[in-house]
Amino acid sequence: MTERFIFKGEKKTVTGIDENGYGPVVGPLVITGISLVLPFDSIYSVSRDILGFHRAIDDSKKVFKRSLKSYTKGEQIALSILAKAGLSPRSFHSLLKLISTATHYDIPDFPLPVWADTYTTSFNSILDRNIAVDKIHLEIFEADKFNQMVERFRNKAFIDFFGFKLVREATGADVFMMGKIGGTKYYREFFRLTGEYPHTIVETHEVSYYITNQTEIFFLLNGDELYLPLMLASIIGKYVRELYMKAICEKFGLSGEIPYASGYKHDKKTDSLLERIRQSNLSNRFIRVR
């Protein structure tokens with residue numbers, strides 16, 4: 001089960017949780033959970049090699065590349081996933097209200113879709129009709145909140161784990177699948193931080209597997225490249241983060257076909273964005289301390 005996640009003879013709710021924006025200097029850390037209800041009438045798997053889902057579905061870094069064509073495709077996929085959950089947001093802020101705990105918006109709003117020509121669900125075939133999307137929930141740590149949590153935990157990896165716990169509590173599932181946090185093998189210290197003491201089943205480089213309160217929790221190396229629940233979470237999280245970056249860039253007078261800057265240090269356009277933020281005296285609001 002730790003390798004192929006095959007469920008036989010019983011209905012299972014599986015939540016994939018992934019993060020987007022762990023390393024940039026501008027923009028939020030977005031932690032996304034997507035709960036899938038898997039069919040109970042046959043052997044089923046959520047692994048890529050068996051399921052054979054639509055080839056458009058992939059790790060979000062491969063879906064959202066920095067080109068208009070790529071963003072158009074990525075938005076179409078994201079809107080299809082949302083539609084599968086019965087959600088049809090018409091603006092950026094309304095999307096946040098539907099799927100996240102974000103409460104203040106001092107960045108621009110704009111209609112959806114942004115990059116696709118129409119509000120389309122043309123990628124509905126990406127998901128097997130027997131798979132139901134039960135819940136989508138995001139925890140969004142904008143730069144000011146992220147900085148407060150760095151001060152609290154003194155460890156960025158703990159911030160990821162804390163966000164994972166919040167999403168687990170908000171979604172609920174029989175099985176949780178998460179990516180490895182920075183390649184970490186042992187998570188007992190992380191669990192103790194949040195007052196949990198699960199039973200350890202497996203701890204290897206590829207898989208760390210725990211059980212707590214009859215719930216199975218997996219941390220999986222490269223999980224967002226291999227397993228459908230994690231891929232879908234990664235795509236939605238990346239989509240929301242890119243919408244955030246579009247809004248932040250526009251707030252400071254920088255616009256383009258796609259978000260002007262990525263928010264990462266290696267992107268030279270991020271330097272222009274950082275300069276404008278600092279000139280506005282809003283550094284504490286939008287720039288991360290690490």
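Evaluating M231 against the criteria (1) part of a helix (DSSP H, G or I); (2) at pLDDT 95 or above leaves one unmet condition, (2). The residue that is modelled with the lowest pLDDT, among those in the stretch 260-277 that are surrounded by 13 or more Cβ atoms within 10 Å (Cβ to Cβ) and among the basic types (K, R), is K265.
Number of residues in the stretch 169-217 that are surrounded by 12 or more Cβ atoms within 10 Å (Cβ to Cβ), out of contact with any Asp or Glu (no Cβ under 8 Å at 6 or more places or on another chain) and basic (K, R) equals 2.
When restricted to residues that are more than 16 Å from the chain's Cα centre (by Cα), touching a residue at least 24 places away in the same chain (Cβ under 8 Å) and in a helix (DSSP H, G or I), the stretch 154-190 contains 3.
Output the number of residues of the stretch 272-290 satisfying the condition of being of a type outside the set (A, V, I, L, M, F, W, C), assigned to a helix (DSSP H, G or I) and closer than 17 Å to S255 by Cβ.
Kept after step one, since they are of a type outside the set (A, V, I, L, M, F, W, C), are these residues of the stretch 272-290: 272, 275-276, 278-281, 283-285, 288, 290.
Then drop every residue that is not assigned to a helix (DSSP H, G or I), which leaves 272, 275-276, 278-279, 283-285.
Checking the rest, the ones that are also closer than 17 Å to S255 by Cβ come to 272, 275-276.
Summing the residues that are of a type outside the set (A, V, I, L, M, F, W, C), assigned to a helix (DSSP H, G or I) and closer than 17 Å to S255 by Cβ in the stretch 272-290 gives 3.
Residues of the stretch 4-14 include none that is more than 16 Å from the chain's Cα centre (by Cα), modelled with pLDDT of 85 or more and not basic (K, R).
The values are calculated or read from the model by the stated rules, or taken from the named source; none is laboratory data. Everything numeric in this text was worked out from a predicted model, so none of it was measured. Backbone-built Cβ (ideal geometry, glycine too); neighbour counts: all protein chains shown.
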